[in-house]
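Engineer: The structure that follows is given in the form of structure tokens.
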Amino acid sequence: SADGKPTAAAGFNVTAFARGLDHPRWVFVLPNGDVLVAESNAPERPEQGKGIKGRIMKWAQAYAGAGVKSANRITLLRDQNGDGVAETRSTFMTDLNSPFGMALIGDTLYVANTDAVVKVKYQEGAAQITEKPEKIADLPAGPRNHHWTKNIVASRDGTKLYATSGSNSDHSENGLEAEHQRAAILEVDLSNGQVKEFATGLRNPNGMGWSAAGELWTVVNERDELGSDLVPDYLTSIKPGGFYGWPWSYW
């Protein structure tokens with residue numbers, strides 16, 4: 001439509017829940033209906049974007065409005081009267097490092113920064129958290145950090161987190177040594193902070209969710225710069241120890 005809203009199916013309507021956010025990357029709905037929004041952009045990456053291709057990409061991102069500093073915050077949106085519009089907006093957490101995924105287990109909120117999983121205590125209805133987050137586990141980052149977004153989802157029993165870790169390149173052009181714990185879904189043991197690969201060969205997994213049967217599923221972003229015919233993004237179930245092809249084969 002003229003105001004940018006998608007056309008809804010018959011009998012439905014689309015409403016802007018909130019406007020004016022600074023690069024909203026991911027949302028997480030709390031049990032009481034409050035919506036957390038990670039306002040985030042890429043961290044400083046001195047090894048990313050070198051050379052002619054890198055300079056062109058930086059120019060293109062700046063032209064598109066993506067070449068701005070990360071807000072590094074989580075904002076809370078609250079729709080108190082249920083009309084589909086958030087009447088309340090508050091800065092929920094700040095001083096994060098390119099945050100993306102969020103997960104709540106009991107009264108503990110976990111946040112996936114680009115380089116680590118951190119946790120804070122959460123009280124239902126809180127509009128702001130001021131305590132300094134505690135680091136639980138490191139996640140792959142570094143000076144290149146090609147795919148920097150890290151998502152998380154909690155296991156059904158609340159003992160583990162599963163974290164996405166996109167490849168550190170498009171097609172392993174930086175060598176496989178740069179891909180340690182990359183192109184993977186990682187398993188984080190919350191009892192000791194140990195991180196191990198749960199599944200690999202996933203170029204850039206992002207969204208995750210559990211099926212009714214208890215299987216973990218993810219959506220994977222595939223190769224760039226190959227035109228419209230190759231290669232499709234895909235949705236797949238994830239098997240423990242499974243390998244899904246990147247960088248040698250395509251879906």
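Engineer: Can you give me the accessible area per residue for the chain, using a 1.4 Å probe, in Å²?
Structural biologist: Working: 13330 Å² over 251 residues.
Value for the chain: 53 Å² per residue.
Engineer: Tell me, what % of the accessible area of the chain is carbon and sulfur with a 1.4 angstrom probe?
Structural biologist: Details: 6860 of 13330 Å².
C and S atoms contribute 51 percent here.
Engineer: OK, next. What shape does region 137-251 have by the C-alpha gyration tensor, where a ≥ b ≥ c are the square roots of the eigenvalues, rounded means a/c under 1.5, and otherwise prolate means a/b greater than b/c and oblate the rest?
Structural biologist: Values: a/c = 2.19, a/b = 1.32, b/c = 1.66.
It is oblate, given that a/c is not under 1.5 and a/b is not larger than b/c.
Engineer: Additional query: How much length is gained if the chain between Asp157 and Gln123 is pulled fully straight, taking 0.36 nm per residue apart and subtracting their Cα-Cα distance, in nm to one decimal? Working shown, then result.
Structural biologist: On the way: separation 34, 0.36 × 34 = 12.24 nm, distance 2.05 nm.
Here the segment from Asp157 to Gln123 would lengthen by 10.2 nm.
Engineer: What shape does region 177-235 take by its C-alpha gyration tensor, where a ≥ b ≥ c are the square roots of the eigenvalues and a/c under 1.5 counts as rounded, a/b above b/c as prolate, and the rest as oblate? Intermediate values should be presented prior to the final figure.
Structural biologist: Numbers: a/c = 3.83, a/b = 1.46, b/c = 2.63.
Here region 177-235 falls in the oblate category.
Engineer: Given the Cα-Cα distance of Lys135 and Asn192 and 0.36 nm per residue of separation, how much length would full extension add, in nm? Display every interim value, and only then the final one.
Structural biologist: Details: separation 57, 0.36 × 57 = 20.52 nm, distance 1.16 nm.
Full-extension gain reported as 19.4 nm.
Engineer: What is the set of long-range amide H partners of Arg203 at a cut-off below 5 Å, with H atoms built 1.01 Å from backbone N?
Structural biologist: Counting only residues 5 or more places away or on other chains, the set is Trp246.
Engineer: A further question on this structure: Taking H as built 1.01 Å from N, whose amide H comes closer than 5 Å to the amide H of Leu139, not counting residues under 5 places away?
Structural biologist: Ala116, Val117
Engineer: Tell me which aspartates and glutamates have Cα within less than 19 Å of Lys196's Cα, excluding those fewer than 8 residues away on the same chain?
Structural biologist: Candidates past the 8-residue exclusion: Asp115, Asp138, Asp157, Glu177, Glu179, Glu187, Glu215.
Engineer: Can you tell me how much longer the chain between Glu44 and Leu235 gets when fully stretched, taken as 0.36 nm per residue apart minus their C-alpha distance, in nm with one decimal? If you can, show how the numbers build up before the last one.
Structural biologist: Numbers: separation 191, 0.36 × 191 = 68.76 nm, distance 3.01 nm.
Computed gain between Glu44 and Leu235 is 65.8 nm.
Engineer: For the chain, what is the mean residue ellipticity at 222 nm derived from helices alone (per DSSP H run of n ≥ 4: -39500 (n - 2.57); sum divided by total residues; nearest 500 deg cm²/dmol)?
Structural biologist: On the way: 1 runs with 13 residues, N = 251.
The helix contribution divided over the chain gives -1500 deg cm²/dmol.
The values are calculated or read from the model by the stated rules, or taken from the named source; none is laboratory data. On a predicted model such as this, the values are computed, not experimentally measured, just so you know. Areas reflect the complete protein model, heavy atoms only, side chains present, ligands, DNA and RNA absent. Shrake-Rupley method; radii C 1.70, N 1.55, O 1.52, S 1.80 Å.
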